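These notes concern the structure reproduced below.
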Amino acid sequence: MTGEEFLERLQGVRKTDHGWTAKCPSHNDNSPSLSVTEKDGKILLHCFAGCGAHEIVTAVGLELSDLFPEKLEFSKGRTPRFPAHEVLMGLSDEIDIASLLITRWFDPSKIWDLDHYDRLLLSNARIQSGVVMIGGHRHE
């Protein structure tokens with residue numbers, strides 16, 4: 001889908017120096033709050049009222065994938081840009097950091113109920129197990 005095809009689904013479209021503005025279709029917008037930019041064949045959206053891209057494209061009957069020129073596919077033998085184990089290791093580090101911050105700086109029983117805190121710890125354990133399953137090293 002081109003930027004122009006996307007703009008046809010919007011109201012109050014105006015050209016700007018960097019793209020277009022329009023009324024955001026996912027909330028009752030009295031004045032244009034949606035910024036639309038086309039870059040390298042991708043359609044980039046930003047609603048200054050806080051609507052997410054998924055909400056915006058759903059409101060006009062599209063999917064997020066419609067904003068991109070082609071679907072990313074990996075052929076056999078081609079290595080993805082980021083190997084899965086590296087991505088999982090990065091996620092593992094992030095969940096460790098989140099768990100540590102919550103545990104050290106907050107009393108989790110006051111900001112969440114303990115079931116939510118326990119679920120965070122379970123998420124951490126599952127990610128760590130995934131790291132081990134793909135041959136990484138578990139953080140201790």
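The values are calculated or read from the model by the stated rules, or taken from the named source; none is laboratory data. Values in this document were obtained by computation on a predicted structure and should not be read as measured data. So basically every Cβ, Gly included, is an ideal-geometry build from the backbone, and we count neighbours across all protein chains shown.
Overview of results
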{"quantity": "Neighbours by Cβ (under 6 Å, 6+ apart or cross-chain): first from the stretch 1-28, on the phi > 0 side of the Ramachandran plot; second β-branched (Val, Ile, Thr) and in a strand (DSSP E or B)", "calculated": "Gly19/Val36; Gly19/Thr37"}
{"quantity": "Some residue of the stretch 41-50 being in a helix (DSSP H, G or I) and either surrounded by 15 or more Cβ atoms within 10 Å (Cβ to Cβ) or at pLDDT 90 or above (or both)", "calculated": "no"}
{"quantity": "Yes/no for Val36 being buried (at least 18 other Cβ atoms within 10 Å of the Cβ) and of a type in the set (Val, Ile, Thr)", "calculated": "yes"}
{"quantity": "Failed item in (1) part of a helix (DSSP H, G or I); (2) modelled with pLDDT of 90 or more; (3) surrounded by 15 or more Cβ atoms within 10 Å (Cβ to Cβ), with His27 passing the rest", "calculated": "(1)"}
{"quantity": "Residues that are exposed (fewer than 15 other Cβ atoms within 10 Å of the Cβ) and part of a loop (DSSP other than H, G, I, E, B), drawn from the stretch 9-24", "calculated": "Thr16, Asp17, His18"}
